[in-house]
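The values are calculated or read from the model by the stated rules, or taken from the named source; none is laboratory data. What you see is a predicted model; the values in this text were computed from it and never measured. Note that we place each Cβ from the backbone using ideal geometry, even for glycine, and neighbour counts take in every protein chain shown. Just the protein is used for accessible areas: all its heavy atoms, side chains included, with ligands, DNA and RNA removed. Shrake-Rupley method; radii C 1.70, N 1.55, O 1.52, S 1.80 Å.
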Amino acid sequence: MQHVESYYAATANAHDPWPMLQDAIQCDVCIIGGGFTGLSSALFLMEAGYDVVLLEAARIGYGASGRNGGQVVNSYSRDVDVIEQRYGKETAQMLGSMMFEGADIIRDRIDRYAIACDYRPGGIFAALNQRQMGHLRSQKASWQRYGNHDLELLDERGIRREVATDRYVGGLLDKRGGHLHPLNLALGEAEAIRRHGGRIYEQSAALKVKYGAPHRVTTANGEVSAQFVIFAGNAYLPSQLEPRLSRKSMPCGSQIVTTEPLSRDQALGLLPNNYCVEDCNYLLDYFRLTADNRLLYGGGVVYGAREPEDIDALIRPKLLRTFPQLRNVKFSQRWSGNFLLTLSRMPQFGQLEKNAYFMQGDSGHGVTCTHLAGKLIAEVLRGQAERFDAFAKLPHLPFPGGRRFKVPLTAMGAAWYALRDRLGV
C-alpha cells in the first residue's frame, strides 16, 4: 500500500523506502505501527541504547500521522479542569505537568535532526459564542497554572486581526502551539531512527503475536523475536491482531481539503501571522496555510471510519461559512483519514501481558500526545513507570451499544452536542 493521495503525499520530502521483512530476526523491542506513536517510541528507545525493530503494514506515516491537519495542539482532548473533576486533583496535577511536553519534544526533534517539515509557531482556539469564550478564559488560567505563559486572549477585534472572518467572537492564541507538514515530520523521524541503527520494515503487517519469553511477532514473510512488544497502530491496528484493544475505542474519520495555491497577499490576507486555527465546537473545524500558500481546511467526524462519498460536499460549506470570500476557490486535493476515539476522550495506555504494552486513543490530539507517549514508554522500559502509570490508571468504559450499535449511538450523541454548539448553549 502507498500513501493516500493527499497534499502531504504530493509534497513529501524525497526518501528511500524501507525493506519488507523476509527473515526471522531478533531485537530488544518490536514496535507494531509506523506512525508518530511508533516512531517516537522507537527514537527514544534507540537513544537509550535499545535494539529496536519497527513493523509498518503500509508506509511510514500511512495512517493518521501522515494525513492529519498538521496542528501542534497542546494538552489532551479533555482539558485539565475536566480531568480534575473526573479523576481527582493528584491525577490532574500529574497529567497537567505533561500536557505541553509533546510539543516540546516535536520542536526538539525538528532541531536535533534538522527535519524539514515547515514548522510555524502559534495556534488559535477560536470561539463562536460567549459560552465558548468563557471556556477559553478558564483554559488560559488553568494552562498558566501548569506553566504555559505564552498565551494571549483575543477579543473580537483581536481575532479579526488574526483571522479574516466575522464568524468568531474571540479566541485564545497559544504561542507554544503551531503547525507543520506531518508526513515530512514522520519521514524525518524515521530517518533519525535509521541513523541510530534502528530497523524499519514497511509492507510488513503484524499478523499474529504469540506472547512469551521472548514474544514472537509474525508477518507474511518473517518473524520478530523480542523481549518487549509495543502496540502503536491506533486506528489502523487490525482488531483481530489484539481484540482487547478494540473493545473500548472506535475509529473515526475526518476529512481535509487543500485549495489551489493562493497568492501570497491572498493567503496572508486570510491569516496574517500564519497561525493555525481550530474552533471550539464539539465537531470542530480546523485550518491553516501550507508552505506554498494553500488553505488547508478540515472538519467534521464520520463515526466508524466510513469513507464519505463526496468530501467536497462535506467541507466546502464549512470553509465558506468561515471564508465566504473564497467562494470561487478550487480544491486541489481532498482526502480522509482515521483517528481513534475513546469514550472519555483520554488516551489509553497500558500493559496487556508481561513486557507487552500499548498506547492509543488520542481522540484528535495525536500529534503531540503520541510524541509524549514515546518518551513515557522509554521511561517504563528503563524502570521509571510513574508517569506512564498516571495514564494507565485512567478508567475506560466501552462505548454504549456494543459492536453493533456503538457507531449510531455515538453519532446521535454527537448530533446533540452539535445542536448545542449551533444554539450557543
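Roughly what % antiparallel, to the nearest 5, for the DSSP beta bridges in the chain?
Among the beta bridges of the chain, antiparallel pairing accounts for roughly 70 percent.
Apply the a/c threshold of 1.5 to the C-alpha gyration tensor of the range 117-175 and tell me whether it is rounded, prolate or oblate.
Note, shape of the range 117-175 comes out oblate.
With angles folded into 0 to 90 degrees, how steeply does helix 36-47 sit against the dominant principal axis of the chain? Use alpha carbons for both and round to 10.
50 degrees
Using only Cα atoms, find the angle between the long axis of helix 311-322 and the longest principal axis of the chain, and express it within 0 to 90 degrees, rounded to the nearest 10.
40 degrees
What accessible area per residue comes out for the chain, rounded to a whole number of Å², with a 1.4 Å probe?
It amounts to 42 Å² per residue over the chain.
How much FRET efficiency would the formula 1/(1 + (r/R0)^6) give for Leu397 and Arg167, where r is the Cβ-Cβ distance and R0 is 41 Å, rounded to 0.05?
0.70
For the range 119-187, what does the relative contact order come out to in percent, with C-alpha contacts under 8 Å and a separation of six or more?
In percent, rounded to a whole number, it is 50.
So which of Lys208/Lys375; Lys89/Lys140; Lys175/Lys354; Lys208/Lys248 end up more than 30 Å apart by C-alpha?
Values: Lys208/Lys375 26 Å; Lys89/Lys140 18 Å; Lys175/Lys354 41 Å; Lys208/Lys248 21 Å.
In this structure, Lys175/Lys354 exceed 30 Å between Cα atoms.
Per 0.36 nm of contour for each residue apart, how much would the distance between Lys330 and Asp292 grow if the chain were fully extended, relative to their Cα-Cα spacing?
12.2 nm
If you take the beta carbon distance between Gln22 and Ser239 as r and set R0 to 25 Å, what does 1/(1 + (r/R0)^6) give as a FRET efficiency, to the nearest 0.05?
So, using R0 = 25 Å, E works out to roughly 0.45.
Leaving out ligands, DNA and RNA, and with a 1.4 Å probe, what % of the accessible surface on the chain is carbon or sulfur?
That fraction is 49 percent.
On a 0 to 90° scale, report how tilted helix 182-195 is relative to the longest principal axis of the chain, with both axes built from alpha carbons and the result rounded to the nearest 10.
Helix 182-195 sits at roughly 30 degrees to that axis.
Using alpha-carbon pairs under 8 Å, 6+ residues apart, how would you state the relative contact order of the chain in percent? Mind showing how you got there, number by number?
Working: 916 pairs, mean separation 101.2, N = 425.
It comes to 24 percent, rounded to a whole number.
For Lys210, list the aspartates and glutamates whose Cα falls under 12 Å from its own Cα; do not include residues on the same chain fewer than 8 positions away.
Glu223, Glu242, Glu353
Over the range 1-131, with a single point scatterer placed on each C-alpha, what log10 of the ratio I(q)/I(0) does the Debye formula yield at q = 0.22 1/Å?
-1.44
Hey, for a label at Gln266 modelled as a point 7 Å past Cα toward Cβ, could you say which residues of the range 281-312 have their backbone N under 20 Å away?
Residues passing the 20 Å test: 287-298, 312.
With the cut-off at 1.5 for a/c, could you classify the range 139-271 from its C-alpha gyration tensor as rounded, prolate or oblate?
Taking the square roots of the gyration eigenvalues as a ≥ b ≥ c, the range 139-271 is prolate.
Express the relative contact order of the range 127-236 as a whole percentage, based on alpha carbon pairs under 8 Å and six or more residues apart in sequence. Could the numbers behind the result be given before it?
Numbers: 101 pairs, mean separation 17.6, N = 110.
Reported as a whole number, the value is 16 percent.
What is the distance, in nm, between label points placed 7 Å from the Cα along the Cα-to-Cβ direction at Tyr282 and at His15?
Inter-label distance under the simple model: 3.7 nm.
List the residues, sorted by chain then number, that are 5 or more residues from Leu54 or on another chain and whose placed amide H is less than 5 Å from its amide H.
When sequence neighbours closer than 5 places are left aside, the close amide H contacts are Ile31, Arg199, Ile200, Tyr201.
Under 13 Å from a point 7 Å along the Cα-to-Cβ line of Lys175: which residues of the range 133-155 have their amide N that close?
Those under the cut-off are 148-153.
Label the chain by shape, choosing from rounded, prolate and oblate, from the square roots a ≥ b ≥ c of the eigenvalues of the Cα gyration tensor; if a/c is under 1.5 it is rounded, and otherwise prolate applies when a/b is larger than b/c, oblate when it is not.
Note, shape of the chain comes out prolate.
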